[in-house]
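K.L.:
First the structure, which I've put down as structure tokens, then a few questions once you've had a look.
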Amino acid sequence: MAVGHVRQKIREDRARNQLDEVLREVQARRRAEREARAAGASANWNTSSVLTEYTARPVEFCSNILRSPSPDGPKPLKLWSAQETLALAVAQHRRVAVRSCHKSGKSKLAAAIAIWWALTRRMARVILTAPTARQVEKALWYEIRSFYAVSPLLRQILPEPGLDPATGCRWADGRELFGFTASNADNVSGPGGPEVLVIIDEGPGVPRSVWEALQGVRAGGGKVLTLGNPTQTSGWFYDAFHERRAGWDLHHISGPDTPNVVAGEMVYPGLIDREFIQEIADDNDTDSPVYAVRVLGNFPANVANAVIGLGMLEAARSRWDDDVASPSMTIDLGVDVARFGDDYSAVSAREGLRVYTPAWFEKERDVKACVNGYDSTKVSGLALQCMSALRDKKQRVRIKIDSTGGYGGAVADRLRELQADGRLDEFVEVVEINFAETASEPDKYPRVRDELWFGFRKFCKDGGAIYDKDARCDSELLAPTYSLTSAGQNKVEPKLDTKKRLGRSPDRAESVLLAVYEPNTAVEDFTDDPVPEPEPESRWADTASY
């Protein structure tokens, strides 16, 4: 072979080898990138690529960047159809409002959108808020930190979220993502800007004054996303879906339309399922306000003469995990004694601003607190068991017993006998309350029973908290209506009417009323306006004195 041909072949072989090497490098790099994406890590990922690639693509951002915990390990965050629609709506509209059923994944979606916005806007400022510290910390901020913990790509481009939502995430270029409790308008401060995003979870519970202050923050062109269970039939969130709907992009998530319910299996862990819907139906009528809100995501029928509104009760339930119970030297027990064969004797308690319903004693302390067929001796023992499950040795106790018709009188007598025999200490006081007696303010209420119901309403208004896992007690508290007498007094409907509508006696609810009630204390007037922060001088919350 000629020397020239040999040299030519060598050059061709080298070129071929070089090409093969380049191809191998390209293939190796692509394979490494695929493996990195599958593992959730990429050495070449940076903020600039996120800014350019995902500015208008929140759905792809969630699936490519975010990971969500699952029983089988972290998985890409796959939004379901309604969540995809909402994410795109934020990209396209200035004001987006969502009314939804319970367990619709709205808090997880809100956190994902917050992260997407902060990482895809050069002047981003994301504000997360909700009515209570529990909702900000345990829902919104929990999801932010959860995404950070299990998403390797995210950890490369998102500063580590602090434990405190107020600390938030801060970037050197001025961007920030943080949260605070929407308790009053004074909490809302700071500069606005064209790329501010305000996310309001549980919007119905945010006072109008706070909403108006947040409007000022986004006056420079920012956006707002608000989500919530539609518990209130008044307020700015309600108005957004009704007379002031202009300018809002409105959405609705109903339980029967969610993936787990449609499929009949757990497609998305944590979302509402058929079993939950059946539980709500079992505990409440399907035409009840609780079913309308928690399952259908609808505003409840506006029962203008309901003593306890759903929004009011939901607000009290939402405060359960908040630090509302300052140290108290007094525990109040409410004991409703069964009158008829199918009635129940029930025990509830109050400590400061916190109410423990019968379900709390049974679920959290494994102590019976709602029973049928007990005689006076057994009911007195029931009350003492509940007292022991909650009481500190130094605390005084008032056991308030419904003595209407004489049914509770025997229980009170038995407790006094125990005290006389030295088996019940002197720091326990037994108080009999007759629902049928004249109210302490007869110009406002005909009987003590009316005062009891309106007293609990005021307790909720003053920032009280109630155990949040007692659906039967909730239904009983929501049931009664009231009317005005010819003398202008507020009169609660007869108990028999409530019992017919519920299909049972509201015994759990009445034990709660007794626990909250302060004997011989007048009940103040109140309205359905947003609730101010609880005032420590409220006579319905004062447990330091008799």
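K.L.:
When the Karplus curve 6.51 cos²θ - 1.76 cosθ + 1.60 is applied with θ = phi - 60°, which whole-Hz ³J(HN,Hα) does each residue of segment 419-436 get, with x for Gly and Pro?
P.N.:
5, 5, 7, x, 8, 9, 5, 6, 8, 9, 10, 9, 10, 8, 10, 9, 4, 8
K.L.:
Ok, one more. Given the C-alpha centroids of segment 75-133 and segment 464-525, what is the distance between them in whole angstrom?
P.N.:
Cα centroid to Cα centroid, the span is 38 Å.
K.L.:
Ranked highest first by the average count of other Cβ atoms within 10 Å around their residues, in what order do 386-392, 510-516 fall?
P.N.:
Working: 386-392: 17.4, 510-516: 28.0.
Ranking the peptides 386-392, 510-516 by packing returns 510-516, 386-392.
K.L.:
Please list 436-448, 105-117 highest first by mean number of surrounding beta-carbon atoms within 10 Å per residue. Let's see the in-between values first.
P.N.:
On the way: 436-448: 15.8, 105-117: 25.2.
Top to bottom by mean Cβ count within 10 Å: 105-117, 436-448.
K.L.:
In addition: So which trypsin sites (Lys or Arg not before Pro) in segment 400-442 end up in coil per DSSP with only 16 or fewer other C-beta atoms within 10 Å? Show your work: numbers first, answer last.
P.N.:
Details: sites: Lys400, Arg414, Arg416, Arg423; in loops: Arg423.
Answer in residue order: Arg423.
K.L.:
Also: Say each of Asp497 and Arg170 gets a label point 7 Å from the Cα, pointing the same way as Cα to Cβ; how far apart are those two points in nm?
P.N.:
Spacing of the two 7 Å Cα→Cβ label points: 5.9 nm.
K.L.:
Given the Cα-Cα distance of Glu212 and Glu243 and 0.36 nm per residue of separation, how much length would full extension add, in nm?
P.N.:
On the way: separation 31, 0.36 × 31 = 11.16 nm, distance 1.69 nm.
The span from Glu212 to Glu243 would gain 9.5 nm if fully extended.
K.L.:
May I pose another question? Each residue of segment 115-126 in turn: what ³J(HN,Hα) in whole Hz from Karplus with 6.51, -1.76, 1.60 and θ = phi - 60°, glycine and Pro shown as x?
P.N.:
Per residue, the Karplus-derived 3J(HN,Hα) values read 5, 4, 5, 5, 9, 10, 10, 6, 10, 5, 9, 10 Hz.
K.L.:
So for Asp164, Asp283, what's the accessible-area order with a 1.4 Å probe, most first? Could the numbers behind the result be given before it?
P.N.:
On the way: Asp164 75, Asp283 45 Å².
From most exposed to least exposed: Asp164, Asp283.
K.L.:
I've got another one for you. Could you point to the residue in Ala219, Ser209, Phe178 farthest towards the positive end of segment 146-257's charge dipole, with +1 and -1 charges on the Cβ of Lys/Arg and Asp/Glu respectively?
P.N.:
The listed residue farthest towards the positive side: Ala219.
K.L.:
Hey, with R₀ at 56 Å, roughly what FRET efficiency would Arg365 and Leu88 work out to, going by the Cβ-Cβ distance, to 0.05? Walk me through the numbers before you get to the answer.
P.N.:
Working: r = 47 Å, r/R0 = 0.85.
Taking R0 as 56 Å, the efficiency between Arg365 and Leu88 is 0.75.
K.L.:
Pull out the extension gain between Asn305 and Glu437, defined as 0.36 nm times the separation in residues minus the alpha carbon to alpha carbon distance; nm, one decimal. Walk me through the numbers before you get to the answer.
P.N.:
Working: separation 132, 0.36 × 132 = 47.52 nm, distance 2.32 nm.
Net length gain for the segment: 45.2 nm.
K.L.:
Once you have a ≥ b ≥ c as the square roots of the Cα gyration tensor eigenvalues for segment 285-389, tell me rounded if a/c is under 1.5, and otherwise prolate or oblate according to whether a/b is larger than b/c. Spell out each step's value before the answer.
P.N.:
Numbers: a/c = 2.39, a/b = 1.40, b/c = 1.71.
Since a/c reaches 1.5 but b/c is at least a/b, the shape of segment 285-389 is classed as oblate.
The values are calculated or read from the model by the stated rules, or taken from the named source; none is laboratory data. Remember, it's a predicted structure, so these values are computed and weren't measured experimentally. Cβ sites come from the backbone with ideal geometry, for glycine too, and all protein chains shown count toward neighbours. Just so you know, the surface numbers come from the protein's heavy atoms only, side chains and all, with ligands and any DNA or RNA stripped out. Shrake-Rupley method; radii C 1.70, N 1.55, O 1.52, S 1.80 Å.
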